[in-house]
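Enquirer: This is the structure I have questions about; it appears just below.
Read-outs throughout are calculated quantities, based only on the coordinates presented, and are distinct from any laboratory measurement. Source: prediction; values computed, not measured. Every residue, glycine among them, receives a Cβ derived from its backbone with ideal geometry; neighbour counts consider all protein chains shown.
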Amino acid sequence: MQFNLNPEKAVTLIVDMERLFTEPDSPYKNDAAPLIEPINALTDFSRKRGIPVIHSTYAFENSKKDSGLINNWPEVEQGYYEQSSPWTDWDPRLVQDSNDIRHTRNRPGAFWGGSLDALLKDLGKEHIILGGVSVNNAISFTAHEAFSRDIPVFIIKETTSPAPFENKDALNDYLQVIGTWASEVVSLEEIIKRINNKDL
């Protein structure tokens, strides 16, 4: 699928790059090191082009009340998903700016609960440049939720990966599936080129 991209209407949304999902010594033992440099490059470029950067975290104020169908997961029961837990802190290898926007929700999709809808409306934005973990969870949920709202999503393929319990060698297959209907999958180089070409 391919969409028209209007940088003036875009935000860059990075989901779930919290220590719980990104560090090899975390409960999920996922090493998201290959994503750090591309995400930092994407967010740096976005800031320079005046595109707001939103960091969205999957975390609970109260695991017993907020966790829904995963309330019996050991990681949830042990408090790793709590907003107060250090595991829900953003990965320190990622560069953040004081003007970046922090967003928290308690389901995989970033649109859960309506706060992202309200935020996009307040910002006057209608397009999403998307990265983070994982491609079959937060990325996929968010892309499908956006599609149902007629919001174009551009997934930057260097900035996402499968969950640790999925086949990492199947990343291109996963992206092909999600790119067939709910989003456009594009390289970091290509999205930068397309945004820069808007000035020509």
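Enquirer: Please count how many residues of the range 30-67 are hydroxyl-bearing (Ser, Thr, Tyr) and part of a strand (DSSP E or B).
Expert: Step one: list which residues in the range 30-67 are hydroxyl-bearing (Ser, Thr, Tyr), which gives 43, 46, 56-58, 63, 67.
Those left that are additionally part of a strand (DSSP E or B): 56-58.
Summing the residues that are hydroxyl-bearing (Ser, Thr, Tyr) and part of a strand (DSSP E or B) in the range 30-67 gives 3.
Enquirer: Restricting to the range 56-95, name every residue that is of a type in the set (A, V, I, L, M, F, W, C), surrounded by 12 or more Cβ atoms within 10 Å (Cβ to Cβ) and closer than 17 Å to Gly109 by Cα.
Expert: If the condition is that a residue be of a type in the set (A, V, I, L, M, F, W, C), surrounded by 12 or more Cβ atoms within 10 Å (Cβ to Cβ) and closer than 17 Å to Gly109 by Cα, then Ala59, Phe60, Ile70 are the ones that fit.
Enquirer: When the residues of the range 4-21 are filtered to those that are of a type in the set (A, V, I, L, M) and within 8 Å of the chain's Cα centre (by Cα), which remaining residue is surrounded by the fewest Cβ atoms within 10 Å (Cβ to Cβ)?
Expert: Result: Met17.
Enquirer: Just the residues that are touching a Ser or Thr at 6+ places or on another chain (Cβ under 9 Å) and either touching a residue at least 24 places away in the same chain (Cβ under 8 Å) or at positive phi (or both), please, taken from the range 79-88.
Expert: Gly79, Tyr80, Tyr81, Gln83, Trp87, Thr88
Enquirer: Another one. Taking the conditions exactly as written (of a type in the set (A, V, I, L, M) and surrounded by fewer than 20 Cβ atoms within 10 Å (Cβ to Cβ)), does Ala143 satisfy them or not?
Expert: No, not satisfied.
Enquirer: Checking Ile155 against (1) touching a residue at least 40 places away in the same chain (Cβ under 8 Å); (2) out of contact with any Pro (no Cβ under 8 Å at 6 or more places or on another chain); (3) buried (at least 21 other Cβ atoms within 10 Å of the Cβ), which test does it fail?
Expert: Only one criterion is unmet by Ile155, namely (1).
Enquirer: A further question follows. Can you list the helices (runs of 4 or more DSSP H) found entirely within the range 68-187 that contain at least 3 residues being farther than 16 Å from Val53 by Cα?
Expert: Passing ranges, in order: 74-77, 138-148, 171-181.
Enquirer: With the structure loaded, tell me whether Ala138 is among the hydrophobic types (A, V, I, L, M, F, W, C) and surrounded by fewer than 21 Cβ atoms within 10 Å (Cβ to Cβ) or whether it fails that test.
Expert: No: the conditions fail for Ala138.
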